[in-house]
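The values are calculated or read from the model by the stated rules, or taken from the named source; none is laboratory data. These numbers come from a predicted model, not from an experiment. Cβ atoms come from the backbone with ideal geometry, glycine included; neighbour counts cover every protein chain shown. Side chains are part of the model used for accessible areas, which takes the heavy atoms of the whole protein and leaves out ligands, DNA and RNA. Shrake-Rupley method; radii C 1.70, N 1.55, O 1.52, S 1.80 Å.
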Amino acid sequence: LLDQICDLLEQQLGQLSDDANAAAAEVASGGGDERAQAAAGTAAAAAHSRSIEALLYCCRSVARTLDQRRSALPGRVFALLDQVPTSLDDRLQYTSLLLIGRYAPFLNRNPELLSSSFTVVLEALSYASLAAPPDGDDLVALANYRTAVTNREAATHAFKHVCQQCAPHIATNVGPLLELCDTVSALPLVTTSAAISTGASYAGGVLAVDDALEFYAGVAAVIRRMPTCANSGDADADGVMIEAAQRVCAPFIAQLQDEQRLANEPETVIDIVKVLTAFFENAHYVHDDAALAALAD
């Protein structure tokens with residue numbers, strides 16, 4: 001079934017490419033500028049995006065019926081996913097992110113595909129670029145903002161599953177991950193409803209608590225799989241792992257030591273405790289075949 005879905009997806013992507021090239025050529029032959037060519041390409045993508053999105057969703061649904069430890073078919077899914085123009089359609093990005101999360105066990109066994117897929121997830125997180133909700137009655141701006149929030153939720157969901165399944169590979173270089181944590185920890189924690197409301201106002205962006213729980217669960221799974229003295233022979237390995245955990249948790253510990261916050265912001269304190277709990281619970285995550293099978297189900 002997945003092979004048949006991929007056939008249809010490949011056909012749609014091929015038609016999309018042909019239509020976009022034809023539209024651009026038509027504009028160019030008429031002396032159109034680059035902006036007109038870009039608009040023509042966007043229109044061609046829109047004509048096929050719903051079909052492509054539906055097929056991606058089918059690929060994601062079929063994943064539950066596959067043995068990702070043995071099947072080679074997911075490799076074809078990822079080869080086609082690289083051709084999907086997610087930047088032209090928010091719903092394509094949303095579905096693509098969820099698909100990456102669902103096929104995380106396959107990525108663990110095919111690490112050559114991990115780098116490009118994980119980069120897609122990290123770029124989609126865009127924590128710092130998600131600004132405050134728009135003011136006023138601009139319904140279009142509000143709809144776009146809510147779409148951005150929804151896609152970030154999909155990104156954190158995919159992030160958690162990829163981190164949990166592929167932790168041994170990601171843990172070999174945690175520097176970029178820790179830098180992302182530095183950015184994320186500086187954002188105010190708010191409820192998901194507040195993140196999409198029009199009444200909140202934050203200068204540099206916000207972090208929904210639900211997103212934070214998934215994000216830090218993923219981070220913990222990676223840190224848990226960093227090299228140790230026992231498995232690497234490096235006498236300093238344990239210290240490096242502990243320093244990484246401290247770097248992630250320190251901003252939240254500092255907030256809990258703020259007496260004014262403890263007295264005046266009890267809901268924020270509760271949210272911080274939830275985030276730390278999610279981190280420490282997943283820091284004890286056991287990465288073995290039984291756990292992989294359970295998560296794949």
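Points worth noting:
- Meets criteria (out of contact with any Pro (no Cβ under 8 Å at 6 or more places or on another chain), exposed (fewer than 14 other Cβ atoms within 10 Å of the Cβ) and modelled with pLDDT of 70 or more) for G175: yes
- Meets criteria (modelled with pLDDT of 85 or more, among the polar types (S, T, N, Q) and loosely packed, with under 14 Cβ neighbours inside 10 Å) for T95: no
- Close pairs (9 angstrom Cβ cut-off, 6 or more residues apart or separate chains): without any contact (Cβ under 8 Å) to a residue 24 or more places away in the chain in region 235-248, among the polar types (S, T, N, Q) and in a helix (DSSP H, G or I) anywhere: A237/N231
- Some residue of region 245-261 being outside any helix (DSSP H, G or I) and modelled with pLDDT of 85 or more: yes
- Meets criteria (outside any loop (DSSP other than H, G, I, E, B), at pLDDT 75 or above, open to solvent by 50 Å² or more (accessible area, probe 1.4 Å) and among the hydroxyl-bearing types (S, T, Y)) for T150: yes
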